[in-house]
Amino acid sequence: QGQYELQKAEIIFGVRAEYTNQGYHMAYPNAGEPADGGQQYTDILPNVQFKYSPNNKINLRAGYFRSINRPGYFEIVPYQIQEEEFTEYGNKKLKRATIDNVDLRWEYFPKATDQILIGAFFKNIKDPIEYAYYSVNQRQSGYGLNNLGNAKNFGIEIDVIKYIQFIGVKA
């Protein structure tokens, strides 16, 4: 991680690496499934944040970072549970989702205890993990987690805190 400051601006940048190694051993594997399996991968996750403060009551922020959403341990085990109306399957091919995040935010602090924050975010999600009804093999279909293409998510966030005497209101 590094940090660079100018008079009214600050840049923080960095990168982190995460290594994942998930494995399992099934005492009673499904027919045709090996008893052992798992996933191993390394992710490089960059991050850069920018802050500009034109005065001591206002901040403008922009940032980018990459993150991941790993499947849960049980979700990658090729299990099979017969429910009343469908069969639920674990998915040994389930991949982690990688997310590129962009955030923009305006911050205003009219008093030491009060604040108004208005932000916008955008997320580009590769291989999002979602529940779906899908073909497990040529003979069986069922319900379970799967990677469903790519997704985009965006929105606006507003956060206000106002104190009157010693009573605070947050919205």
Entries of Lys111/Lys152; Lys51/Lys95; Lys111/Lys170; Lys8/Lys170; Lys93/Lys152 with Cα pairs more than 25 Å apart: Lys111/Lys152; Lys51/Lys95; Lys8/Lys170
Charge dipole magnitude, Cβ of K and R +1, D and E -1 - the chain, Cα centre, debye nearest 20: 760 debye
Gyration tensor verdict on the range 65-120 (Cα atoms; rounded if a/c is under 1.5, prolate if a/b is larger than b/c, oblate otherwise): prolate
Percent RCO, i.e. relative contact order, over the range 123-169, from Cα pairs under 8 Å lying at least 6 residues apart: 36 percent
Efficiency of FRET between Val48 and Ala27 - r from beta-carbon atoms, R0 45 angstrom, step 0.05: 0.45
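Arranged from highest to lowest average of other beta-carbon atoms within 10 Å per residue, in what order do the peptides 114-124, 38-48 appear?
Details: 114-124: 15.0, 38-48: 13.0.
Top of the packing list down: 114-124, 38-48.
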Where labels lie 7 Å past Cα in the beta-carbon direction, separation of Phe13 and Asp103 in nm: 1.9 nm
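I need to check one value: relative contact order of the chain, counting alpha carbon pairs closer than 8 Å and at least 6 residues apart, in percent. Show your work: numbers first, answer last.
Working: 386 pairs, mean separation 26.9, N = 171.
Relative contact order here is 16 percent.
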Lysines with Cα under 17 Å of Lys92, excluding same-chain neighbours fewer than 8 positions away: none
For the range 1-119: span of alpha carbons on each principal axis (Å, largest first): 67, 34, 20
Spherically averaged projected area of the range 1-58 from its Cα convex hull (nm²): 6.9 nm²
Inter-centroid distance (Cα atoms) of the range 136-171 relative to the range 64-134, Å: 8 Å
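From the alpha carbon gyration tensor of the range 43-171, can you work out the equivalent ellipsoid semi-axes (sqrt of 5 times each eigenvalue) and give them in Å, largest to smallest?
44, 18, 11
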Distance (nanometres) between label positions extended 7 Å along Cα→Cβ at Ala132 and Lys170: 3.8 nm
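The numbers here are math on the coordinates, done by the rules we state, and not lab data. Bear in mind that the values here come from a model prediction, so they are computed numbers and not experimental data. Note: ideal-geometry Cβ built from the backbone for every residue, glycine included; neighbour counts use all protein chains shown.
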